[in-house]
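The values are calculated or read from the model by the stated rules, or taken from the named source; none is laboratory data. These numbers were taken from a predicted model, which means no experiment stands behind them. Because the Cβ atoms are built from the backbone with ideal geometry, glycine has one as well, and the counts that use them run over all protein chains shown.
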Amino acid sequence: MRMRWVVVMAALAAVGMVVSAGGQPEDEPPPQARIGEAQLALTESPLLTEMVSRGELPPLEDRIPSDPQVISVQGSLGGYGGRLRSLAPDPEGDYPEFGWLNTHGIAQYDEEFNLVPTVFSSWEMSGDYRVFTFFMREGMKWSDGHPFTTRDVQFWYEDIILNEELTPTLPLAYAPGGTLFELEIVDEYRFQMRFAGPYPRFIDFLHSAAVWAPYHHLRQFHTNHNDAVADLAADEGYDNWRDLFEAHAETGVQQTDMDTPVVNTWVLEEVDSAGNRYYVRNPYFFKVDEAGRQLPYIDYFDRILVENNEVLNARVISGDTTHASWFITMANYPLLKSEEVRGGYTAGLYPDARASEFGFVFNYTHQDPVLREIFNDLRWRQAVSHAINREEMNEIQFLGQGIPRQPIMDPGASFYGEGIDQYYVEYDVALANRLLDEMGLEWDSEGQWRLRPDGRPIRVNMEFWAGRGTWAQSGELIKGYWEDIGVDLSLTPRERGLYQSRLLANESDMGVWAIGGSSEAYSRQADPIRYRPPWHWPLNTPLGGVRWWEWYESGGDRGEEPPAEIQRLYSVVDQWLDEPRGTERYLELGREMLQINAENAWLIGTIGLVPRVAVFDNRLRNTPAPGSLLSVEYGMYEPYRAEQWFFGE
């Protein structure tokens, strides 16, 4: 199989199509770039033109690659200038409101949610799925103007990935079966990644893969390239060279070295005393629009911290942001709509692919053998699911905008079957009680609570991360529903770290989380976390069955051997991950994976496919219109390319 995408411009805009705002002086002909067989007239932001005139930057044609990525704008060609502004209540989090708009991997989702090349110009995959050849953009630069070449890929591989101090555990994406790929540098702009066996799934990781690091800057902080690095670490207050290197290599919202170059859309310019971070356009950014205007259109991007979500929502309403969605809930929507005119924004609803806003998994390897037996009985899971009034939850929590369902992928999946998400969803307390009766779980003498086989009341503790406010409300509703079937549910909010440590230690009765990461695309990248034990990330948030995962991951040397159906599920998922996308076998295995999960209800959901609320400044153009898919499953704003947003009248 041969897969290669090459940017081809069949027809390019004439100079007269260039928007009048900004660009080259009228009395000077614009520089030219050759794209394919055609010449493309280049223009840039006035901010950069002034820097060129002062001798602070080289001319535009010397700053972008010979084959820049050409973006077809999703609306109209834009003018330059302005400032994006995002709000965040968490100083440590790199959330979609900023980070995902700014960073780039090898590939990105386009407006039709297909993976296309971005930082690299193209790639090829060998027929046996073992060798991937990547073609970098010739003449591309880091944000400081230094050439971006295979030397940076080599540095990432040899000095970061192969260094056990920096990478004590091999990244799973690059080491299928525990064997890391081999890197072959072909020339300055071409390299190959060679895997030990067929690895068609690697394509699915290209969206987030950033297989480079700035050699020219970071080598001074690396022990392989600087004999005095220990002294340098001490001078900067670090205990060792590793901490020094990691600090200077950081380019997310914890970045401290503003000299560390990036290939991002905007680069860090200032951090104030409050922790607010201010970014300016990357003068060497590798994308242009179809009229040859270097992107982004917008010059600045501010990331502003606020005290909490309540303050954030108040500032959104007051118009103190250009875009917001990640921290807004459906409950905020009516107020946001009512204040649109005053705030100068438009609030809309955007379909989301999240499978369930709240889901839970019982601890199937519980240390209490009685609870373990109860939880592993399918009738128990059917009963507690039927006892949940999802229609009521939908109205109370999501204004009736979601869909009562189990978290079995979204309907956009290629192997999705109608009704696969509706197992045990019907609200039927009588049926739930009959199922528990069949299990022999008798009522106590007062008819209030059901009893375990050992005569004790059935009490289940729902621990959850206290930082997710809507989870407490979901828990309270479920607690009330389960009283009707005699199950005593207690709610225990915990600090995130403690909650996760208890899950890892197999000490919880059940694990709860918002069930994202279940789409077809995300599942290929994420093992998949929602369709086999422990139904979330096994190394930090295993929702249930953590001992089964230990058995599987260790090849039977540790943990606890799971029942036959779980072993079958592990096998089906492994085969699905190894199969190239789109084959008949791939579709067959995908259907089987979903069917096993649907029938057994190990992961139980509530309300899913709830539209996302998003707010955009009325002056902002080329943003996604209400009704467009806006989902973390596909990089949130990524398909709508913030680099082509601009401010209009």
Exercise for review: Can you tell me which residue among Glu391, Glu357, Glu340 is surrounded by 23 or more Cβ atoms within 10 Å (Cβ to Cβ), touching a strand residue (DSSP E or B) at 6+ places or on another chain (Cβ under 7 Å) and of a type outside the set (A, V, I, L, M)?
Suggested key: Glu357
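Evaluate segment 214-230: report whether one residue or more is out of contact with any Phe, Trp or Tyr (no Cβ under 9 Å at 6 or more places or on another chain) and charged (D, E, K, R). Talk me through it step by step, then tell me what you get.
Of all residues in segment 214-230, those out of contact with any Phe, Trp or Tyr (no Cβ under 9 Å at 6 or more places or on another chain) come to 220, 224, 227-228.
Now restrict to residues that are charged (D, E, K, R): 227.
Within segment 214-230, one or more residues are out of contact with any Phe, Trp or Tyr (no Cβ under 9 Å at 6 or more places or on another chain) and charged (D, E, K, R).
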Check your understanding: Which residues, counting only those in segment 495-506, are more than 24 Å from the chain's Cα centre (by Cα) and either assigned to a strand (DSSP E or B) or surrounded by 14 or more Cβ atoms within 10 Å (Cβ to Cβ) (or both)?
Key -> Arg502, Asn506
Point to revise | Close pairs (7 angstrom Cβ cut-off, 6 or more residues apart or separate chains): in a helix (DSSP H, G or I) in segment 430-456, at pLDDT 95 or above and surrounded by fewer than 17 Cβ atoms within 10 Å (Cβ to Cβ) anywhere | key: Leu435/Arg379; Glu438/Arg379
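Of all residues in segment 467-498, count the ones that are more than 22 Å from Ile607 (Cβ to Cβ) and not basic (Lys, Arg).
Looking only at segment 467-498, we keep the residues that are more than 22 Å from Ile607 (Cβ to Cβ), and these are 486, 488, 490, 492, 494-498.
So of that shortlist, the ones also not basic (Lys, Arg) come out as 486, 488, 490, 492, 495, 497-498.
Looking only at that region, the number is 7.
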Check your understanding: Within segment 267-279, can one find any residue that is among the aliphatic types (A, V, I, L, M), under 25 Å from Gly75 (Cα atoms) and modelled with pLDDT of 95 or more?
Key -> no
Exercise for review: Consider only pairs whose beta carbons are under 7 Å apart and that are at least six residues apart or on different chains; among these, list those whose first residue lies in segment 602-621 and is more than 19 Å from Asn389 (Cβ to Cβ) and of a type in the set (Phe, Trp, Tyr) and whose second residue is outside any strand (DSSP E or B) and at pLDDT 95 or above.
Suggested key: Trp602/Trp535; Phe616/Thr623
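I'd like to check which strands (runs of 3 or more DSSP E) are fully inside segment 91-158 and have at least 1 residues that are within 30 Å of Ile304 (Cβ to Cβ), assigned by TED's automatic domain parsing to the domain that holds Leu48 and out of contact with any Leu (no Cβ under 6 Å at 6 or more places or on another chain). Don't jump to the end; show me each part of the working.
Values: elements: 107-109, 115-117, 122-125, 131-135.
Filter on segment 91-158 gives 107-109.
Out of all the residues in segment 171-184, which are surrounded by 15 or more Cβ atoms within 10 Å (Cβ to Cβ) and either under 23 Å from the mean Cα position of the chain (by Cα) or in a helix (DSSP H, G or I) (or both)? Outline the logic, then answer.
So in segment 171-184, the residues surrounded by 15 or more Cβ atoms within 10 Å (Cβ to Cβ) come out as 173-176, 180-181, 183.
Matches in segment 171-184: Ala173, Tyr174, Ala175, Pro176.
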Review point. Does Phe195 satisfy being surrounded by 19 or more Cβ atoms within 10 Å (Cβ to Cβ), within 29 Å of Gln575 (Cα to Cα) and modelled with pLDDT of 95 or more?
Key: yes
Exercise for review: Look at segment 54-78 and say how many of its residues are over 28 Å from the mean Cα position of the chain (by Cα), aliphatic (A, V, I, L, M) and surrounded by fewer than 20 Cβ atoms within 10 Å (Cβ to Cβ).
Suggested key: 2
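Within segment 249-260, which residues are buried (at least 22 other Cβ atoms within 10 Å of the Cβ) and at pLDDT 95 or above? So that I can check it myself, show each step before the final result.
Restricting attention to segment 249-260, the residues satisfying the condition of being buried (at least 22 other Cβ atoms within 10 Å of the Cβ) are 251, 260.
Once the filter is applied, which keeps residues that are buried (at least 22 other Cβ atoms within 10 Å of the Cβ) and at pLDDT 95 or above, segment 249-260 yields only Thr260.
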**Study point:** Scan of segment 336-374 for residues that are of a type in the set (A, V, I, L, M) and within 17 Å of Asn618 (Cα to Cα), ordered by number
**Key:** Leu336, Val341, Ala347, Leu349
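Counting residues that are under 27 Å from the mean Cα position of the chain (by Cα), which helices (runs of 4 or more DSSP H) fully inside segment 290-384 reach at least 3?
Values: elements: 309-317, 333-338, 340-343, 369-375.
Result: 309-317.
May I ask you to list the residues in segment 538-586 that are hydroxyl-bearing (Ser, Thr, Tyr) and either touching a helix residue (DSSP H, G or I) at 6+ places or on another chain (Cβ under 8 Å) or in a helix (DSSP H, G or I) (or both)?
Quick first cut of segment 538-586, residues hydroxyl-bearing (Ser, Thr, Tyr) only: 541, 552, 554, 570-571, 583, 586.
Correct list: Thr541, Tyr552, Tyr570, Ser571, Tyr586.
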Review point. For segment 510-537, which residues satisfy the criterion of being surrounded by fewer than 21 Cβ atoms within 10 Å (Cβ to Cβ), of a type outside the set (A, V, I, L, M, F, W, C) and assigned to a loop (DSSP other than H, G, I, E, B)?
Key: Asp527, Pro528
